[in-house]
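Read the structure below first, then the notes.
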Amino acid sequence: MSFLTFSHVLVSDKFIEHVVHGEKSEMLGGHLSGLSRPGKTEFPPSWTRRHIREAINSILEQPEVVTFSGKRIFLQKTIRGVQIELKLVITKKGVVPTSCFPVWGDGVIRNVGGQQVHIDGNNEKEGE
């Protein structure tokens, strides 16, 4: 269990939009169910934008796993049966979230070669 909190980190609407719908480039963000972005994992179909925002806030408040790598911080937490990773970067302006995606769990899929592959706890893979 982690005793670190990152609740001071600002989660902007622009970041939520990045996580949920992504950018013009299919390589950046977009993890809402049904988007079918190549190589990306998707949150379960029942997860809404609100669920994703609440999950991000929960991870920031009390992450289960915290890993530091240079100026990057990786936070993980299982929420509603879904393992989620949130990446932060330390900048001159403070700590900024850069990505968030489901890693595995009930209802999580990865888009591979035009197919949707279910990613349960036995197939732990990074979803970015």
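Would you confirm, using the coordinates I've provided, whether Ser46 is small (Gly, Ala, Ser) and outside any helix (DSSP H, G or I)? Yes: the conditions hold for Ser46.
Against the conditions (1) out of contact with any helix residue (DSSP H, G or I) (no Cβ under 6 Å at 6 or more places or on another chain); (2) under 16 Å from His31 (Cα atoms); (3) not charged (D, E, K, R), Ile90 satisfies every one except (2). Being surrounded by fewer than 18 Cβ atoms within 10 Å (Cβ to Cβ), over 10 Å from the mean Cα position of the chain (by Cα) and not polar (S, T, N, Q) is a description that does not apply to Pro63. Residues in the range 10-22 that are within 15 Å of the chain's Cα centre (by Cα), of a type outside the set (S, T, N, Q) and assigned to a loop (DSSP other than H, G, I, E, B): 3 in all.
Here is a yes/no grid of residues against (1) at pLDDT 95 or above; (2) out of contact with any helix residue (DSSP H, G or I) (no Cβ under 8 Å at 6 or more places or on another chain); (3) farther than 22 Å from Gly121 by Cα:
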position: His18; (1), (2), (3): yes, yes, yes
position: Gly30; (1), (2), (3): no, no, no
position: Asn57; (1), (2), (3): yes, yes, yes
position: Val66; (1), (2), (3): yes, yes, no
position: Lys71; (1), (2), (3): yes, yes, yes
position: Val96; (1), (2), (3): yes, yes, yes
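Pairing each residue of the range 113-128 that is modelled with pLDDT under 90 with any residue that is among the small types (Gly, Ala, Ser) and surrounded by 10 or more Cβ atoms within 10 Å (Cβ to Cβ), provided the two are 6+ apart or on different chains, yields C-beta distances under 6 Å for Glu128/Ser99.
Could you say whether any residue in the range 27-40 is outside any loop (DSSP other than H, G, I, E, B), without any contact (Cβ under 8 Å) to a residue 24 or more places away in the chain and not acidic (Asp, Glu)? Within the range 27-40, not a single residue is outside any loop (DSSP other than H, G, I, E, B), without any contact (Cβ under 8 Å) to a residue 24 or more places away in the chain and not acidic (Asp, Glu). Give all pairs with beta carbons closer than 8 Å in which a residue from the range 77-94 that is free of Cβ contacts under 8 Å to residues at least 24 places away in the same chain and surrounded by 16 or more Cβ atoms within 10 Å (Cβ to Cβ) meets a residue that is outside any strand (DSSP E or B) and polar (S, T, N, Q); count only pairs at least 6 apart in sequence or on separate chains. The qualifying pairs are Lys77/Ser58; Lys77/Gln62.
The values are calculated or read from the model by the stated rules, or taken from the named source; none is laboratory data. Computed from a prediction, not measured in an experiment: that's the story for all the values here. All Cβ positions, glycine included, derive from the backbone under ideal geometry; neighbour counts span all protein chains shown.
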